[in-house]
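Report on the following structure.
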Amino acid sequence: SKKSTSRSYEYFMEDMENDTRWRIDIIQKLHRDFYNGQLELWYQPQINLKTGVVCGLEALMRWPDEQGGFVQPPSVFIPLAEYSGLIVELGDWALEESCKLYKSLMESGLAPASVSVNVSVPQFKNPAMVKKATQLVSTHQMPQKALNLEITESLAMDDPQLVIESLLQLRKAGIQTSIDDFGTGYSSLGYLRKLSIDCLKIDQGFIQEIVLKDGQLQGGVFADTIVTLGDKLNLRVVAEGVETQEQARFLRQLGCEVAQGFFYAKPMPEEALYEWLRTYRP
Ligand code: C2E
Ligand code: CA
Ligand code: CA
Ligand code: CA
């Protein structure tokens, strides 16, 4: 009836308003806490599967609250920061923080080969991004190839010409790049061939499919295919979301070069990272 329709419409509108208010509230809090210096970068180690050596770190943003927990996870606040535009400042900060950390790791003799930083769409589309990254690397006396920028496969699809051009500039500057969440987007191999990238990161969904069932390893078809593809295209392949010994062993047998995941270490704050790097043995 007309009555019930308008009634559900009212509820719908109320839900919309609550939802919008919730989002605006988070964006405002994020803005405030960011400028108060409350955001942190945590780091997750990446392991060379052949040698066991720590070969990289991925910087992951955290928004801690006062109770020792988190206000929101990145899966919630990063999209909102992208939507509001704050991501550009957040992203610049993350880049600079990561370079600072890398420099101090070098000084302590603990620096792995690279630090990877996630770059989002609005950041990547900014024509000044490449220059900023190049300057940060030189200011912090890092080898150029020690900085690795991760862009998602969906971003890589967004504006092909611009992405191709920016990646080329980064390649010229000696900065490394990775396609994140590889296998979840729809990029064609023809397009992939045009991108000057250095690594493919297998989406963790494909890694978590790899399970032991009745003594048999299952679900590794996609990981296998991506490792083979990386091999043929001369790209380093990083498996992320590695949680079990079986997954690690399977990936090593495939010839996958690098692994990252809870099986090795969770993302951790700076002090814990120093301690972890100091005591880690392959
Ligand atoms: P991502 O770039 O794909 O990062 C990997 C995510 O997987 C991280 O979640 C990490 O904590 C989680 N992870 C690592 N190993 C494992 C594992 O073994 N098992 C499971 N279940 N998860 C694992 P996190 O830190 O919550 O970040 C989520 C997403 O938020 C990131 O996905 C990235 O897209 C975005 N993000 C995080 N930090 C930043 C940042 O500084 N800038 C931008 N633009 N995006 C960021
Ligand atoms: Ca990433
Ligand atoms: Ca990923
Ligand atoms: Ca992801």
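The values are calculated or read from the model by the stated rules, or taken from the named source; none is laboratory data. Keep in mind that what you see is a predicted model, and the values were worked out from it rather than measured. Reconstructed Cβ throughout: ideal geometry from the backbone, glycine too, with neighbour counts over all protein chains shown. Surface accessibility is based on the protein's heavy atoms, side chains included, excluding ligands, DNA and RNA. Shrake-Rupley method; radii C 1.70, N 1.55, O 1.52, S 1.80 Å.
Some notes on this structure:
- Meets criteria (at pLDDT below 95, out of contact with any Ser or Thr (no Cβ under 9 Å at 6 or more places or on another chain) and either within 16 Å of ligand 3 (Cβ to nearest atom) or among the hydrophobic types (A, V, I, L, M, F, W, C) (or both)) for residue 233: yes
- Matching residues, the range 48-107, being of a type in the set (Gly, Ala, Ser), farther than 25 Å from residue 262 by Cα, more than 16 Å from ligand 4 (Cβ to nearest atom) and surrounded by 15 or more Cβ atoms within 10 Å (Cβ to Cβ): 84
- Restricting the range 109-125 to residues that are in contact with a helix residue (DSSP H, G or I) (Cβ under 7 Å, 6 or more places away or on another chain) and either among the hydroxyl-bearing types (Ser, Thr, Tyr) or assigned to a loop (DSSP other than H, G, I, E, B) (or both), the residue that is farthest from residue 178 (Cα to Cα): 110
- Strands (runs of 3 or more DSSP E) fully within the range 129-225 counting 3 or more residues that are hydrophobic (A, V, I, L, M, F, W, C) and in contact with a strand residue (DSSP E or B) (Cβ under 8 Å, 6 or more places away or on another chain): 147-152, 199-202
- Residue list for the range 230-248, restricted to those being more than 16 Å from residue 193 (Cβ to Cβ), away from ligand 2 (no atom under 16 Å from the Cβ) and open to solvent by less than 20 Å² (accessible area, probe 1.4 Å): 247, 248
- Of the residues 150, 165, 82, 97, the single one that is in contact (Cβ under 8 Å) with a residue 24 or more places away in the chain, of a type in the set (Asp, Glu) and over 25 Å from residue 274 (Cβ atoms) is 82.
- Test for residue 164: is it crowded, with 19+ Cβ neighbours inside 10 Å and either in contact with a helix residue (DSSP H, G or I) (Cβ under 6 Å, 6 or more places away or on another chain) or within 20 Å of residue 90 (Cβ to Cβ) (or both): no
- Of the candidates 45, 112, the single residue that is touching a Cys at 6+ places or on another chain (Cβ under 6 Å), touching a residue at least 24 places away in the same chain (Cβ under 8 Å) and within 19 Å of residue 150 (Cβ to Cβ) is 112.
- So residue 182, is it closer than 20 Å to residue 245 by Cα and within 16 Å of ligand 3 (Cβ to nearest atom): no
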